[in-house]
Structure formats: C-alpha cells, structure tokens
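K.L.:
This structure is in structure tokens; I'll ask about it shortly.
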Amino acid sequence: MQNTESNSAYQWLDSENNFENTMGKIVVFGEKYAGGNLTNTEHILRKVANILSIVFHPMMMPIYAMLFLLYGHTMWSMLPAYYKTITLIQIGVATCLLPLASISILVAMGYVGDPEMPNKSERVLPLGISSIIIGVACFYMHLKAELPFPLIRMSDGMFVMMIVSMCISSVWKISLHGMGVGALLVFVCVVGITSCIDFSMPACVTFAIAGTVAWARMYLDAHTPTQLLVGFLLGTGCMLFAMLHP
C-alpha cells in the first residue's frame, strides 16, 4: 500500500514538473530556435522578444498607419468620429483579420506546419492568399473615391509588397517584420510631409520600433541581419513607390 502511494506521489511530481517545463516553453515566436537550457534573464528576454514580434506583426502595421493618419493631427484627423471608426474596422478586417484567419485555416488543414512559417517554402501559399485578399480590398478602395488617398496608396503598397515577398520567399527567406516596419516608416514620413505637420516625433518612434523589432527577430534567431535589412529596404521601396507614383 505504501509503495503504491509512493509511486503515485512520484508520478504526480513528475507530471507537475513536466507540465511546468512544457508551460515554460510555450511561446508564439522563436522557441523552436532556442537550444539548450535558458537562464532566467534569457527566458525573460525571449518572452519580451516574442511580445514585440506579436505587437508589431506585419499585418498590424496598416492599423498603426491608420491610427497615425486619422488621429495624428494630419489633415484627415478632422474627419467625423464614426467615419474613422468604420475605416479602422475595414482596414483591420481586410489587412489583418482575414489574412491571419487564412493562415490559421492553412495550419489547421496541414498545408502550413507553423503559424510563424519559419520555412520559406511554407510562405508562398499564405502570402499568395493574402495577396488575393489585399488585392480585392485594394480594388474596392479604388472604387470608393471618398476614402483618403494615403489609405488607397497604402493598400497599393501592401499589395505590391505581398507579391514581391511571395516571389522572393520561393527562393529565399526574407523578413516580413522588416518589410512591415519599413513600410510604416515611409507612410508616416510621406503623410507628415504632405500634411505639413511636425512628424519628427512619430518618425523617431517608428524608427525606434524598427530597431526594436530587428533586435527581437535576431534575438529569437528567426532572421539574419541580412534578411532583416533586405526586408526593411524592400518595404520602404515598395511603399515609397506606392505613395509617390502619379
């Protein structure tokens, strides 16, 4: 009887330890790249890097761009409150919710093994579906003449970025996070210049975000500096072309 109780106690302790070890490793980004045991400081930094990767996910960048456009003392900040709310909802659904939902469905169906898509070969199909979604949203925005023109130009830039990143991902892994923050920086600068406002603070904050995201992705070993730099330059180039083309 005592042996049975002792065995049960040991099994309970083992299960508790396994549960704690498992829960300690549950993160959204980058845990698969971690090798060996992590110290408490490394564990905390990894959690911080994971949070940054989620908060500044590439699909979140259009929402931040619209927040600056509609509430950043630009010429479009004087639009009615209900119009701003509807616009934010439309952007959130078209550029964030639907693409992320499509990725989740692909993961559930087994076409993609990981939501983070660490393998470049897994990125082509999700990026292709996201390109179609954003392309349809872009076409819809061009039909609605009352929308702010920076919003339409931003959707053009996102569509171009999706197509280019899909083509590159078939042969090389590029940083989508880098593309997102690069595009956001260009959007803030161009809108600030065209609105004739002091945009130095938003630009500095966006640039700091870009550096922070780059640190997070490198700390998680999700990307190399070259992948981040190329992604950042590609994002700035695509968005600059979209914002400034006639």
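The values are calculated or read from the model by the stated rules, or taken from the named source; none is laboratory data. Remember, predicted model here, so these are calculated numbers, not experimental data. Backbone-built Cβ (ideal geometry, glycine too); neighbour counts: all protein chains shown. Ligands, DNA and RNA are stripped out before the accessible areas are found, and what is left, the full protein with its side chains, is counted by its heavy atoms. Shrake-Rupley method; radii C 1.70, N 1.55, O 1.52, S 1.80 Å.
K.L.:
List pairs: first in the range 93-121 and in contact (Cβ under 8 Å) with a residue 12 or more places away in the chain and assigned to a helix (DSSP H, G or I), second among the basic types (Lys, Arg) and crowded, with 17+ Cβ neighbours inside 10 Å, Cβ under 7 Å, 6+ apart or cross-chain?
P.N.:
Taking only residues 6 or more apart or on different chains, the pairs are Lys120/Lys173.
K.L.:
What number of residues in the range 16-58 are at pLDDT below 55, farther than 15 Å from Ala216 by Cα and either open to solvent by 80 Å² or more (accessible area, probe 1.4 Å) or assigned to a helix (DSSP H, G or I) (or both)? Give the steps one after another, and end with the answer.
P.N.:
Going residue by residue through the range 16-58, those that are at pLDDT below 55 are 16-36.
Remaining after also requiring farther than 15 Å from Ala216 by Cα: 16-26, 35-36.
With the extra rule that they be either open to solvent by 80 Å² or more (accessible area, probe 1.4 Å) or assigned to a helix (DSSP H, G or I) (or both), the set shrinks to 16-26.
So the answer is 11.
K.L.:
If we scan the range 165-176, do we find a residue that is crowded, with 21+ Cβ neighbours inside 10 Å and of a type in the set (A, V, I, L, M)? Lay out the reasoning, then the answer.
P.N.:
As a first pass, look at the range 165-176 and keep what is crowded, with 21+ Cβ neighbours inside 10 Å: 165, 169, 174-176.
Add one more test, that the residue is of a type in the set (A, V, I, L, M), and what stays is 174, 176.
Yes, the range 165-176 contains at least one residue that is crowded, with 21+ Cβ neighbours inside 10 Å and of a type in the set (A, V, I, L, M).
K.L.:
Would you pick out the residues in the range 138-159 that are more than 16 Å from the chain's Cα centre (by Cα), open to solvent by 50 Å² or more (accessible area, probe 1.4 Å) and under 26 Å from Ile105 (Cβ atoms)?
P.N.:
Restricting attention to the range 138-159, the residues satisfying the condition of being more than 16 Å from the chain's Cα centre (by Cα) are 138-153, 156.
From what's left, open to solvent by 50 Å² or more (accessible area, probe 1.4 Å): 139-140, 142-146, 149, 153.
Correct list: Phe139, Tyr140.
K.L.:
Right, next: Could you list, in sequence order, the residues of the range 104-117 that are open to solvent by 20 Å² or more (accessible area, probe 1.4 Å), under 26 Å from Tyr64 (Cα atoms) and among the hydrophobic types (A, V, I, L, M, F, W, C)? Please lay out each step first, then the result.
P.N.:
Taking the range 104-117 and keeping what is open to solvent by 20 Å² or more (accessible area, probe 1.4 Å), we get 104-105, 107-111, 113-115.
With under 26 Å from Tyr64 (Cα atoms) added as a condition, the list becomes 104-105, 114-115.
Within the range 104-117, Ile105 is the sole residue that qualifies.
K.L.:
Further question: Can you tell me which condition Ala210 does not meet? The list is (1) open to solvent by 20 Å² or more (accessible area, probe 1.4 Å); (2) assigned to a helix (DSSP H, G or I), and all the others hold.
P.N.:
The failed condition is (1).
K.L.:
Of the residues Leu98, Leu125, Leu88, which single one is under 20 Å from His57 (Cα atoms), open to solvent by 50 Å² or more (accessible area, probe 1.4 Å) and modelled with pLDDT of 90 or more? Give the derivation first.
P.N.:
On the way: Leu125 fails: modelled with pLDDT of 90 or more; Leu88 fails: open to solvent by 50 Å² or more (accessible area, probe 1.4 Å).
After applying the criteria, what remains is Leu98.
K.L.:
Name the pairs: first residue in the range 123-141 and farther than 20 Å from Ile152 by Cα, second residue not in a helix (DSSP H, G or I), Cβ to Cβ under 8 Å, at least 6 apart or on different chains?
P.N.:
Pairs found: Arg123/Met117; Arg123/Lys173; Val124/Ser170; Leu125/Tyr111; Leu125/Val112; Pro126/Val112; Pro126/Met117.
K.L.:
Just to check your reading of the model, which residue among Gly110, Gly92 is over 21 Å from the mean Cα position of the chain (by Cα), more than 19 Å from Ile174 (Cα to Cα) and of a type outside the set (Phe, Trp, Tyr)?
P.N.:
Details: Gly92 fails: over 21 Å from the mean Cα position of the chain (by Cα).
Testing whether each residue is over 21 Å from the mean Cα position of the chain (by Cα), more than 19 Å from Ile174 (Cα to Cα) and of a type outside the set (Phe, Trp, Tyr) leaves just Gly110.
K.L.:
So which residues in the range 183-201 are surrounded by 19 or more Cβ atoms within 10 Å (Cβ to Cβ) and part of a helix (DSSP H, G or I), if there are any at all? Spell out the reasoning first.
P.N.:
Step one: of the range 183-201, the residues surrounded by 19 or more Cβ atoms within 10 Å (Cβ to Cβ) are 183-192, 199.
Result: Ala183, Leu184, Leu185, Val186, Phe187, Val188, Cys189, Val190, Val191, Gly192.
K.L.:
Restrict the check to the range 130-137 and report whether at least one residue is open to solvent by 80 Å² or more (accessible area, probe 1.4 Å), at pLDDT below 90 and assigned to a helix (DSSP H, G or I).
P.N.:
In the first step, residues of the range 130-137 are kept if they are open to solvent by 80 Å² or more (accessible area, probe 1.4 Å); the result is 132, 136.
Narrowing further to those that are at pLDDT below 90: none.
No; the residues of the range 130-137 include none that is open to solvent by 80 Å² or more (accessible area, probe 1.4 Å), at pLDDT below 90 and assigned to a helix (DSSP H, G or I).
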